[in-house]
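The block underneath contains the structure these notes are about, expressed in structure tokens.
The values are calculated or read from the model by the stated rules, or taken from the named source; none is laboratory data. Only a predicted model underlies this, so the values are computations on that prediction, with no experimental measurement involved. Note: ideal-geometry Cβ built from the backbone for every residue, glycine included; neighbour counts use all protein chains shown.
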Amino acid sequence: MPQTPTTCVCSHCNGFAIVRITTGTTPDGHHLTLPAACPACHGTGHTTTRTTVKAVAK
């Protein structure tokens, strides 16, 4: 029976995988923002444990 990898909350971003960074405001008052994704989990907010991935790969 195949095992499914368990997911854990990313330890780098604590589950807040994508954030918006304010770059300033325009003259009419709007905020300009840029998205930034966590490089460890690639914006998913979850990681898989290494031992489980090895067990599935066999």
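Name the residues in the range 14-36 that are under 18 Å from residue 46 (Cβ atoms) and among the small types (Gly, Ala, Ser), would you?
15, 17, 36
Among residues belonging to the range 35-58 that are surrounded by fewer than 11 Cβ atoms within 10 Å (Cβ to Cβ) and modelled with pLDDT under 90, point out the one that is farthest from the chain's Cα centre (by Cα).
Taking the range 35-58 first, the residues surrounded by fewer than 11 Cβ atoms within 10 Å (Cβ to Cβ) are 35, 39, 50-51, 54, 57-58.
Next, only the ones that are modelled with pLDDT under 90 stay: 50-51, 54, 57-58.
Working: 50: 17, 51: 20, 54: 22, 57: 23, 58: 27 Å.
Applying the filter and picking the extreme gives 58.
Select from the range 13-34 the residues that are in contact (Cβ under 8 Å) with a residue 12 or more places away in the chain, assigned to a loop (DSSP other than H, G, I, E, B) and surrounded by fewer than 13 Cβ atoms within 10 Å (Cβ to Cβ) and list them in ascending order. Step through it out loud before you land on a result.
Going through the range 13-34, the residues in contact (Cβ under 8 Å) with a residue 12 or more places away in the chain turn out to be 13, 15-21, 33-34.
Add one more test, that the residue is assigned to a loop (DSSP other than H, G, I, E, B), and what stays is 13, 15-17.
16 - this is the single residue of the range 13-34 that is in contact (Cβ under 8 Å) with a residue 12 or more places away in the chain, assigned to a loop (DSSP other than H, G, I, E, B) and surrounded by fewer than 13 Cβ atoms within 10 Å (Cβ to Cβ).
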